[in-house]
Protein chains: 2
Amino acid sequence: MSTNSSTLSDSTIAILGGTGPQGQGLALRFARAGVPVALGSRDGERAKAIAAELNAKLSAFPESCFITGVDNHAAVEAAPRVVMLAVPYAGHDDTLQSIKAALAGKVLVDLVVPLAQGNPRAVAMPKEGSATEAAQALLGSEVKVVGALHNVSAHTLNALHESINCDILACGDDVESTDEVVDLVERLGVSAYNCGPALNARCIEAITPMLIRLNISKKVPFSHAGIRIWAPGTHAA
Amino acid sequence: MSTNSSTLSDSTIAILGGTGPQGQGLALRFARAGVPVALGSRDGERAKAIAAELNAKLSAFPESCFITGVDNHAAVEAAPRVVMLAVPYAGHDDTLQSIKAALAGKVLVDLVVPLAQGNPRAVAMPKEGSATEAAQALLGSEVKVVGALHNVSAHTLNALHESINCDILACGDDVESTDEVVDLVERLGVSAYNCGPALNARCIEAITPMLIRLNISKKVPFSHAGIRIWAPGTHAA
């Protein structure tokens, strides 16, 4: 761990719903990349216990920063700029409502995919069109919402011995905040792209259930697939 | 050309709007892969002229099948099973209406992306949700509609010296027809995937304007990008 790893530095990011598989994997990846993480959960004690487990895993990577487990509110307070939301869709709006005031002036990175109830191979989009658009509507203009990191599997994030196998598509109505998130995500060693306005989350979020469908299909010889932007003349290894 | 290349065999496919860049590229690729093509246009004489140009290009590939240029109606008649629609979105519904009766019992492969008027970086989806769903609603249950081939650039299709740089995502409400189109498309040397019901065309079609946005962005060092499904543990060359 770096020398200042046990304090929350200016670059700390919050990951809410951080005790789920996606949140844990992201916390590991960002901490290993040198980004201090405030891992948030409704249950701060549970977040603290999970964070201890994750920090133990990171002991093999001495350059890692520290993961601090706290409740969601403390996590938002600890993050001066970037708060990531990785809760299940059922908790999306309630979680945002509960932290709305503390988010003013910050960037909310929304990872949530509105999977259909009981069918992870389909989306059931909210009336705003996507989770990202719903978050922006709920939070108002004082919070810049960026949709990103929807299509990378929790399995891949947690497999620290492997590189992340996909690109990251980001979108948001504030160009600068979206570019900032693209730069942050690229610290994980992936290619990330600003794919335009929040409206495009209707497409980006919907890629996830298509990947889930393929991953569980017997016709496809892989699981945990991601998506990549692929340029002409480039060939797979 | 194969010995029976100048007659329309049982495996002939029709490509409507075949004189556009996408249609021409597809005709070249399928004919080179051994699939006879009936290239359709509203103007049969123009289709005939374009087909002659394309057949000249294919003379370098002696195993190619023949491309026959005819009007859209004759193209549909010539194709016993698969008709591809590659017209601009403005002509989508009118073209389908004009050939509806002749399509009964066939598979309509819809390539059309409802790009927004004057803004190729955005979609303007029809009220049915996507072009594929609109086609299925217009044609009724006697025609099986499969959305596919939306995300491969015309440039790539026409660059016969290069392999196609992306995967093909297909969707449709009839599983067998969608699988049949997947198999047909894989004759082009690409990976194609049955991505589920026609509803998923809302996502697949919307990928195209995101790719266009990236391709024209100064921040991205490529153009004519496609999309790939990427499995863990696979690394780019």
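Taking only Cα atoms of segment A:30-75, what ratio of Rg to Rh do you get with Rh as the Kirkwood inverse-distance radius? Write down the numbers at each step before the final one.
Values: Rg = 10.2 Å, Rh = 10.3 Å.
On the Cα set of segment A:30-75, Rg over Rh gives 0.99.
Stretched out straight at 0.36 nm per residue, the stretch from B:GLU45 to B:SER98 would grow longer than its current Cα-Cα span by 17.2 nm. Close amide-amide hydrogen proximity is noted between A:LEU16 and A:GLY40, A:MET84, A:LEU85, A:ALA86, each under 5 Å apart and 5 or more residues distant or on a separate chain (H modeled in the peptide plane; Pro and chain starts excluded). Of all stretches in chain A that contain no trypsin sites (Lys or Arg not before Pro) in a DSSP loop with at most 16 other Cβ atoms within 10 Å, the longest one is A:1-80. Accessible area buried by the pairing of B and A, both sides summed with a 1.4 Å probe, works out to roughly 3200 Å². Distance between the modelled labels on A:HIS155 and B:SER223, one decimal in nanometres: 3.9 nm (7 Å Cα→Cβ projection).
For a straight C-alpha distance cut-off of 15 angstrom, the aspartates and glutamates reachable from B:LYS218 (same-chain residues fewer than eight places away being disregarded) are A:ASP179.
Each other copy holds its own label point for B:LEU160; taking that point as 7 Å from Cα along Cα to Cβ, the gaps run 5.3 nm, nearest first. Over segment B:94-237, the reciprocal of the mean inverse Cα-Cα separation, the Kirkwood hydrodynamic radius, stands at 16.0 Å. Under 5 Å between amide hydrogens, built in the peptide plane, is the criterion, and for A:ALA116 it picks out A:ALA122, A:VAL123, A:ALA124 among residues at least 5 positions away or on other chains. Between B:ILE216 and A:ALA90, the distance separating the two model label sites (each 7 Å from Cα on the Cα→Cβ line) works out to 4.4 nm. Mean per-residue shielding of peptide A:203-210 is 6, counting Cβ atoms of other chains within 10 Å of each Cβ.
The largest accessible area among B:HIS155, A:HIS150 belongs to the first residue in B:HIS155, A:HIS150, and the rest follow in falling order (1.4 Å probe, all chains).
Segment B:181-237 and segment A:77-93 have Cα centres spaced 30 Å apart. A crude spin-label estimate for the pair A:GLU176 and B:GLU77, with each label 7 Å from Cα along the Cβ direction, gives 6.4 nm. Per residue of B:213-222, other chain Cβ atoms within 10 Å of the residue Cβ number 4 on average.
For B:GLY129, the point set 7 Å out from Cα toward Cβ sits 1.7 nm from its twins in the other copies, listed from shortest up.
What does the helix-only formula give at 222 nm for chain A: each DSSP H stretch with n ≥ 4 adding -39500 (n - 2.57), the total divided by the residues, and the result rounded to the nearest 500 deg cm²/dmol? List each step's numbers first, then the result.
On the way: 8 runs with 88 residues, N = 237.
Only helices count here, giving -11000 deg cm²/dmol.
Across all directions, the shadow cast by the convex hull of the protein assembly as shown built on its C-alpha atoms averages 22.2 square nanometres.
The values are calculated or read from the model by the stated rules, or taken from the named source; none is laboratory data. Just so you know, these numbers come straight off a predicted model, no measurement behind them. Virtual Cβ from ideal backbone geometry, glycine too; neighbours counted across all protein chains shown. The area values use the complete protein model at the heavy-atom level, side chains included, leaving out ligands, DNA and RNA. Shrake-Rupley method; radii C 1.70, N 1.55, O 1.52, S 1.80 Å.
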